[in-house]
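J.: Sharing a structure with you now.
The numbers here are math on the coordinates, done by the rules we state, and not lab data. None of the values given here were measured: they were computed from a predicted structure. Please note: Cβ atoms are built from the backbone with ideal geometry, for glycine as well, and neighbour counts cover all protein chains shown.
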Amino acid sequence: MKKYVKDLRLVGREMLREDYLLLRLTDEQAPLPPMLPGQFVQIAVEGSPTTFLRRPISINDHDAVHNTFDLLIHLVGEGTRALARLQVGDRLNCIYPLGNGFALPAPTAASQRLLLVGGGVGTAPMLLYGRQLHAAGHRPTFLLGGRSSRDILERERFAEFGTVCVTTEDGTLGERGFVTHHSLWETETFDAVAACGPKPMMVAVARLARQHELPCHVSLENLMACGVGACLCCVEKTVRGNLCVCTEGPVFNTNELTWE
Ligand SMILES: Cc1cc2nc3c(=O)[nH]c(=O)nc-3n(C[C@H](O)[C@H](O)[C@H](O)COP(=O)(O)OP(=O)(O)OC[C@H]3O[C@@H](n4cnc5c(N)ncnc54)[C@H](O)[C@@H]3O)c2cc1C
Ligand code: FES
């Protein structure tokens, strides 16, 4: 898949909570390329003297009709906080779309029951996954987890594409506990699981999926620098040897990973 390095125009900016930012970008000169859920963008952070490296952010949504895509960003450090200072009309230099992305089931498998699990800002790629599954005739179940209700974002947008279930650690929304504690694991049946979020969450989801004999894919968020396979700082041990998460991933079948 061809990669682009472009200055994209910011056409939308919304703070969803005080530390979660939603950016909408467009290419004013050309149609955006196809984008797969799980693929990401490497963003150059300008105006921040300490942020030399680009920051990897998952594609949260893609609207081919309006030629825009969204990024959902948790403000955790200098780079992401600098992005929060951008205003509509500003330009952002991006390399995209990077990585492999989640696979879409073949159209013949339209009855597939898919469980998409997201923890914290790891829910970001699941929205685009839900949109594309829905467009292909599927109705996935989303299981969104966070520490409290304020960490559960974009619920209404998820609900457009499937059933939304929630867990919060403090019980302020949905069922209390971690995503692996939700009752749907016992009451529902699925054909496959996909997950993105903190590593301990993905390890626990992978273990549970294995117990239920379900194929499971996860999107890893290893530290990255170049994002294009040159620096080797994102390497993950797999049964195929050490692989760069930025080029061979970020999506992996958990059978390939050695982290459980
Ligand atoms: C493939 C991929 C997709 C991602 N998608 C999203 C997303 O959709 N939304 C989102 O909010 N975050 C996402 N992240 C994480 C995001 O890249 C980091 O939170 C961001 O780079 C932190 O930059 P900072 O300068 O604000 O923080 P820093 O001050 O640099 O660090 C704060 C925290 O972020 C972690 N971090 C720093 N740099 C990186 C890096 N290059 N890669 C990964 N983690 C880093 C550090 O370990 C630390 O815990 C993704 C990461 C990867 C690898
Ligand atoms: S981030 Fe440089 S090789 Fe993956």
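J.: Expressed as an acute angle from 0 to 90° and rounded to the nearest 10, what is the orientation of the C-alpha long axis of helix 199-211 relative to the principal long axis of the chain?
T.: 30
J.: What is the Rg over Rh value, at two decimals, for region 120-234, using alpha-carbon atoms and the Kirkwood definition of Rh?
T.: Using Cα coordinates only, the ratio equals 0.98.
J.: What does the extension gain come out to for residue 159 and residue 106, with contour length at 0.36 nm per residue minus their alpha carbon separation?
T.: Values: separation 53, 0.36 × 53 = 19.08 nm, distance 2.28 nm.
In short, 16.8 nm is gained.
J.: Still on this structure: When we measure straight from the Cα of residue 199, which aspartates and glutamates land under 19 angstrom away, once same-chain ones fewer than 8 places off are left out?
T.: Those aspartates and glutamates meeting the cut-off are 151, 169, 221, 236, 248, 256, 260.
J.: If you don't mind, another one. Modelled label-to-label distance, residue 44 and residue 237, 7 Å Cα→beta-carbon offset: nm?
T.: 3.7
J.: Once the other residues with Cβ under 9 Å from the Cβ of residue 84 are scored (Lys, Arg +1; Asp, Glu -1), what is the net sum?
T.: +2
J.: Still on this structure: Using only the alpha carbons of region 1-80, determine the length spanned along each of the three principal axes and report them from longest to shortest in whole angstroms.
T.: 33, 27, 23
J.: Further question on the same structure: What span do the alpha-carbon atoms of the chain cover on each of the three principal axes, reported in whole Å from largest to smallest?
T.: 49, 41, 37
J.: Now for a different question. What is the dipole size for the chain, taken about its Cα centre, with +1 at each Lys and Arg Cβ and -1 at each Asp and Glu Cβ, in debye to the nearest 20? Each step should come with its number before you reach the end.
T.: Values: 25 positive and 28 negative charges, 82 e Å.
Taking the Cα centre of the chain as origin, the dipole is about 400 debye.
J.: Using square roots of five times the C-alpha gyration tensor eigenvalues, list the equivalent-ellipsoid semi-axes of region 147-208 in whole Å, biggest first. Don't skip to the answer; put the middle values down first.
T.: On the way: eigenvalues 62, 48, 30 Å².
Semi-axes (√(5λ), whole Å): 18, 16, 12.
J.: While we're on this one: Picking from 144, 198, 162, whose Cα lies most toward the positive end of the charge dipole for region 141-228 (charges on Cβ: Lys, Arg +1; Asp, Glu -1)?
T.: Result: 198.
J.: Once you put a point 7 Å from the Cα of residue 184 and another 7 Å from the Cα of residue 91, both along the Cβ direction, what distance in nm separates them?
T.: Distance between label points: 4.2 nm.
J.: While we're here: Roughly speaking, what is the centre-to-centre gap between region 196-245 and region 66-140 when only Cα atoms are used, to the nearest Å?
T.: 17
J.: Can you give the convex hull volume per residue for the Cα atoms of region 1-148, as a whole number of Å³?
T.: 114
J.: Kindly give the semi-axes, whole Å and largest first, of the ellipsoid equivalent to region 87-165, taking each as the square root of 5 times a Cα gyration tensor eigenvalue. Walk me through the numbers on the way to the answer.
T.: On the way: eigenvalues 111, 73, 26 Å².
Calculated on Cα positions only, the semi-axes equal 24, 19, 11 Å.
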